[in-house]
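In what follows, a single structure is set out as structure tokens and then discussed.
The values are calculated or read from the model by the stated rules, or taken from the named source; none is laboratory data. Values in this document were obtained by computation on a predicted structure and should not be read as measured data. Glycine also receives a Cβ, built like all others from the backbone with ideal geometry; neighbour counts cover every protein chain displayed. Areas reflect the complete protein model, heavy atoms only, side chains present, ligands, DNA and RNA absent. Shrake-Rupley method; radii C 1.70, N 1.55, O 1.52, S 1.80 Å.
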Amino acid sequence: MPVSCRMCGKSAILKRPKTGDALCKECFFFAFESEINYTITSGKLFNRGDRVAVGASGGKDSTVLAYILKLLNERHDYGIELILLSVDEGITGYRDDSLETVKRNQYQYDLPLTIVSYEELYGWTMDAIVKQIGLKNNCTFCGVFRRQALDRGALLVKANKIATGHNADDIAETVLMNVLRGDIARLRRCTAITTGADGALPRCKPFKYTYEKEIVMYAYFKKLDYFSTECIYSPNAYRGHARSYLKDLERIRPSAIIDIIHSGESLSIKKDVKMPTQGVCSRCNYISSHSVCKACTLLEGLNKGLPKLGIGKTHKSRRLLDAAEKAGDSVKTETENSSTSSSTMKKEDLTF
Amino acid sequence: MKLTGIVLDASHTKMGKSCVKCSEAATVVARLGDPFCRACFLEYFTHKFRATFGKSKAVRNGEKVLIAFSGGQSSCAMLHLVKEGLQNGVHKKLRYIPGVVFIDESICMEQPQNDKNAQLESIRGWLEDSSFPAYISSLEEAMKASDSEVRILSVSSPEEVEVDFKNLKIDPSLNEKFIKLWHSTSTLTAKEDLLHILRVQLLKRISKQLGYTKIMSGESGTRLATRILTDLSKGRGSSVSQDMSFVDGRDKDVSILRPMREFNSKEIAMYNHQCGLQHVFVPNISTKAGQFTSINALTEEFVNGLQTNFPSTVSTILKTGEKLTSQQDAANTSSVCLICQSLLDMSELPCSASSATRYSQKLQKDDTNSMHMACNEAKDTCVASKPETSSCCGQGDGSCQSLKKNPELVSDDVSVYLCYGCRLMIKDVTDCSTLPPSVIDEVQRQKRREGMREEIQDFLLNDDDDGDDR
Ligand SMILES: [Zn+2]
Ligand SMILES: [Zn+2]
Ligand SMILES: [Zn+2]
Ligand SMILES: [Zn+2]
């Protein structure tokens, strides 16, 4: 017995994760695209003449984002110019494949692509960083560096705006994370649809109210080509807890994701709570709440060869570095070494 | 091995841990890992409890304060602390006049009558021991019309208690009303919210009726940290601050105090253990249901799990909550939620979670000519009109027959006066006519006023003046 589409009455082939309604493929596309157009227009994300860099990782969010921005730009005549911007972190076996996907997207969607690498920008690949600091804090490095890499890359291609594929699940998760971490400044910022304070260029999130499941569904039925980007360096445990809590919440009440974003939007912070003042990094001019930005601080640590191991032990870390550079198949011992260094590091982490 | 909040066993004591305050052998480890002897631990606990009051100056001398007693660990510790404090003159500068009330919620639980009776017996033991004026009421009373008095049983007057204690003399029609509402609520999450809200409403009514101006509620820090997360998850972000602060002043006449918020659940269990206090086991509606059945149960599990692995979890969440505020003071009184008295938080901004939700719903409701969708926000769109089989919003599919009897009130009518979180809750109530009269009467009153206003609209000079100085 075929179920009929809630919107047009033809036979339905899917149940919308967001509303639970049975829809046919065409109506789902229509609803999905209309909602994103609504977000873009109501949130005034773009102005005519904008040059928008789309952060493209080859993953589902950014692939669907590139596709739909191009589609909506043509359909509703936003009058914007789109550029794909990829960051090559230098993670063997991770970016190699996903960059291939991005390159294919470039032809499929007929959008110009620029790739900026960590090596060009910072002189370090993620693989090299992980060899030095171990797996424990690498997501911090990766996140901080990627943030700036997008900005620097966007400036390079003369874009005046960045669009990222952060979806509703990501934002809800970030709200929870910031509560669990007690990061009040980020808690206030994380639900903004466009953020200007974080980087050199304004960034917007057209998928702010879009469920991750619906993005997958859209890509599936549109047969969009994406690469499943599970970072091979495992995400930190705490975020993992928040994510699985969110998934469980969604199972109990599917609207929980949007409900959390609503909560985040309606929080107000006491006037007497001190907020970090935004300044500019004295080394790289990137917007920062400290005199030296986090990327530059991390970079300095890396370049000085594990300052966290303490002075006097530099030769030890040098050996570690050398070994790391030569590293062929001795990955196991490497990891052991680096995990000891990262535990030593923890104490000094406080100085950041 | 983690020592936080674990009563040391004999072998540890022999190993020579000594109290951080005096040099006696330690028997207790408090939250920061500091070992205490029994006397110093009790001293620390009492001092902290007293300091919570001192800091806020929320209670005036001679004020009548009603202790909301539930029989749980934290509640027992609270009652004990108040009693000890007054007896030993701990509150030298502060002399308030305590009373204590227990609200029987057993109607929500399917329990053998014998178990219920045994619980009530233990509760009565606690109430009598307190030597304060003590009262018992039951949750069904919250279904009484707002202009009539709720029934409160005085435990302190023996004749009344002897006769009626075990059946509490509930009006059968209230019982029936409550059961109807309960059965009409389709999810455990909404049931938990409803239970909480009705309990708070009833506590406030009892206080006002008995002349109390403050209610003392015994939520522990652990409970409040959990509440912060459940609030966020249920779209109640704007009430986080009121829900976790020491003073909750949403009601102008009776405010709620939370003096146990500085203690986590382990510390409280330790205090009870050291004082030999036996709490009463009163099951709650999700006790048997399992962690994936309601947002509260899931969140409790989540917080406890994190707390075990990261002992600063609870205090970090509380610190975050501490930095939030509600915009209640700045707000117009007529713009608070009819059910929970929080600020109405439905954002009118075009780009917000609530407008995005409205848009999705409109998109799918508009089945006839969906291709003509424009972004205009019709005034009839509202969260509660979401076309879901579980809602009662006039789908005409036969599922809301009961509503036809009362065409005056569909969930759309109620929802416009509610905050985002309460709208979510109401969505799971299949038949809105089963809501407590206090809610329904107020909705109808507001609707009448709006009708009046419309009629005289052209003659009103000031747009902002709604003539409602309620
Ligand atoms: Zn259809
Ligand atoms: Zn810098
Ligand atoms: Zn001592
Ligand atoms: Zn409410």
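Among residues other than A:VAL64 whose Cβ falls under 10 Å from its Cβ, what is the net charge (Lys/Arg +1, Asp/Glu -1)? Can you show the working numbers first?
Numbers: positive: A:LYS60, A:LYS222; negative: A:ASP61, A:GLU214.
Once positives and negatives cancel, what remains is 0.
Taking R0 as 45 Å, what's the FRET efficiency between A:TYR220 and B:VAL247 from their Cβ-Cβ distance, rounded to 0.05? Before the final figure, lay out the partial values.
Details: r = 52 Å, r/R0 = 1.15.
After rounding to 0.05, the efficiency reads 0.30.
Could you sort out which of B:LYS57/B:LYS208; B:LYS234/B:LYS319; A:LYS270/B:LYS57; B:LYS48/B:LYS323; A:LYS161/B:LYS319; B:LYS57/B:LYS252 sit more than 24 Å apart by Cα distance in this structure? Intermediate results must be reported in sequence, preceding the final value.
On the way: B:LYS57/B:LYS208 21 Å; B:LYS234/B:LYS319 20 Å; A:LYS270/B:LYS57 20 Å; B:LYS48/B:LYS323 21 Å; A:LYS161/B:LYS319 35 Å; B:LYS57/B:LYS252 17 Å.
Distance filter (> 24 Å) returns A:LYS161/B:LYS319.
Quickly work out the A:SER289-to-B:PHE310 label distance, labels modelled 7 Å from Cα along the C-beta direction, and quote it in nm with one decimal.
Between B:PHE310 and A:SER289, the label points sit 1.7 nm apart.
Kindly identify the range A:38-188 as rounded, prolate or oblate by the Cα gyration tensor criterion: order the square roots of the eigenvalues as a ≥ b ≥ c, call it rounded if a/c is under 1.5, otherwise compare a/b with b/c, prolate if a/b is larger, else oblate.
Values: a/c = 1.97, a/b = 1.26, b/c = 1.56.
Verdict is oblate for the range A:38-188.
Ranked by accessible surface with a 1.4 Å probe, highest first, in what order do B:CYS351, A:CYS8, B:CYS422 come? All intermediate terms of the calculation are to be shown ahead of the outcome.
On the way: B:CYS351 30, A:CYS8 60, B:CYS422 0 Å².
Largest to smallest exposure gives the sequence A:CYS8, B:CYS351, B:CYS422.
Within a 10 angstrom radius of each residue's Cβ in B:227-235, how many Cβ atoms of other chains show up on average? Whole number is fine.
On the way: counts 0, 1, 7, 1, 1, 13, 14, 8, 12.
Partner Cβ neighbours, averaged per residue: 6.
Using heavy-atom solvent-accessible surface (probe 1.4 Å) with all chains present, what is the largest-first order of A:ASP96, A:ASP259? Present the calculation step by step, with values, prior to reporting the outcome.
On the way: A:ASP96 85, A:ASP259 0 Å².
Descending order: A:ASP96, A:ASP259.
Estimate the FRET efficiency between A:LYS158 and A:SER282 by the formula 1/(1 + (r/R0)^6), using the beta-carbon distance for r and 30 Å for R0, to the nearest 0.05.
Details: r = 26 Å, r/R0 = 0.85.
Calculated transfer efficiency: 0.70.
How would the range B:283-329 be classified by its alpha-carbon gyration tensor: rounded, prolate or oblate, with rounded meaning a/c under 1.5 and the a/b versus b/c comparison settling the rest? Before the final figure, lay out the partial values.
Numbers: a/c = 3.49, a/b = 1.42, b/c = 2.46.
Since a/c reaches 1.5 but b/c is at least a/b, the shape of the range B:283-329 is classed as oblate.
Sorting check: for A:97-106, A:158-167, which peptide has the highest mean count of neighbouring beta carbons within 10 Å, and how do the rest follow? Before the final figure, lay out the partial values.
On the way: A:97-106: 18.5, A:158-167: 21.4.
The peptides rank, most packed first, as A:158-167, A:97-106.
Other chains' Cβ within 10 Å of B:306-316 residues: what's the mean? If you can, show how the numbers build up before the last one.
Working: counts 5, 0, 0, 3, 4, 0, 1, 3, 0, 1, 5.
Average neighbour count from other chains, rounded to a whole number: 2.
Below 13 angstrom from the Cβ of B:CYS275, what's the summed charge of the other residues (Lys, Arg +1; Asp, Glu -1)?
-2
Classify the range B:245-365: rounded, prolate or oblate, from the alpha-carbon gyration tensor (a ≥ b ≥ c, eigenvalue square roots; a/c under 1.5 rounded; otherwise prolate if a/b is larger than b/c)?
Here the range B:245-365 falls in the prolate category.
Just checking the output field for A:251-258: average partner chain Cβ neighbours within 10 Å of each residue's Cβ? Mind showing how you got there, number by number?
Numbers: counts 2, 12, 11, 0, 8, 7, 2, 6.
Going residue by residue through A:251-258 and averaging, the value is 6.
Go through the range A:43-53 residue by residue and turn each phi into a ³J(HN,Hα) via Karplus (6.51, -1.76, 1.60, θ = phi - 60°); whole Hz please, and just put x for glycine and proline.
3J(HN,Hα) across the range A:43-53, in whole Hz: x, 6, 5, 10, 10, 3, x, 5, 9, 9, 8.
For the modelled label position 7 Å from the Cα of B:HIS196 along Cα-to-Cβ, which residues of the range B:242-271 have backbone nitrogen atoms closer than 13 Å?
Residues B:242-245 qualify, since their backbone N sits under 13 Å from the label point.
Please give the FRET efficiency for B:ASP147 paired with B:GLN291, using the beta carbon to beta carbon distance and R0 = 45 Å, rounded to the nearest 0.05.
Values: r = 41 Å, r/R0 = 0.92.
Given R0 = 45 Å and the Cβ-Cβ separation, E is 0.60.
Taking the Cα centroid of the range A:1-44 and of the range B:254-325, what is the distance between the two, rounded to the nearest whole Å?
The distance from the Cα centre of the range A:1-44 to that of the range B:254-325 comes to 41 Å.
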